[in-house]
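Reviewing the structure listed below.
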Amino acid sequence: TVVAGSGSIEGALRLLGQIADVQSAGFIRLRLLDDLSESVRQEAAKALGSMPSKETTSALVKTLTEDQSLDVKLAVIDTLAKHADPDALAALKKICQQIPDARMNALNAIAQYPADQSVPFLINSLSQPLKAPEKQTIVQLLRKITGQHFGPNQSKWLLWLEGNRDKLKAKSK
């Protein structure tokens, strides 16, 4: 039996993640979902970054939507960015809209998804009441993904999107 709050669990989770020990993924998912220690859940989320699977994505999405800790949510978002699993995209979009303190991380994670999935969401986000740094981040992400620069002008982005959806789909394959 492992004691939930001991520092050795966090270290073990880091090691398992570094060596990508997929045989331990079930144990790590259990720590992510059920451990009482916030730091253990954070380390579990990070460790799962090297172990993408449907089960892992499911556990990460469940944690993202149900865990009360912002730090755990941020660790989960960073891991989901590495996986870019389509099953997690809806949860990341929801976090963008519902948790302002996690928005920047979620925007960056969404940008890791295929362009035909990420770009329309990023463009539509420009119409939301966002802080200036958040709008700047969206503009930078759009520029990086598309090579275009229309600043925060959503109308110009929408016009560009209408003429380039096929290119985005082709780029995403």
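Values quoted throughout were computed directly from the atomic coordinates according to the rules given, and no laboratory measurement underlies them. Not measured: the values here are computed from a predicted model. Using ideal geometry, Cβ is built from the backbone for each residue, glycine included, and neighbour counts are taken over all protein chains shown.
Some notes on this structure:
- Reported label for calculated log10 I(q)/I(0) by the Debye sum over Cα atoms at q = 0.09, 0.10, 0.15 Å⁻¹ given [x] -0.59, -0.68, -0.90; [y] -0.35, -0.42, -0.81; [z] -0.38, -0.46, -0.92: [y]
- Sequence-distant contacts, meaning Cα pairs under 8 Å at least 6 residues apart, place the relative contact order of region 79-150 at 26 percent.
- The Leu15 and Gln140 beta-carbon pair, evaluated with R₀ = 35 Å, returns a calculated FRET efficiency of approximately 0.50.
- Distance violations [Cα-Cα > 27 Å] among Lys73/Lys169; Lys54/Lys131; Lys54/Lys135; Lys46/Lys167; Lys46/Lys156; Lys94/Lys144: Lys73/Lys169; Lys54/Lys131; Lys54/Lys135; Lys46/Lys167; Lys46/Lys156
- Fewest-first sequence of Ser24, Ser69 by Cβ atoms within 10 Å of each Cβ: Ser69, Ser24
- Across the chain, the relative contact order, built from alpha-carbon pairs under 8 Å that are at least six residues apart, equals 15 percent.
- Here Glu38, Glu10, Glu55 are placed in order of increasing Cβ neighbour count within 10 Å, fewest first, which gives Glu55, Glu38, Glu10.
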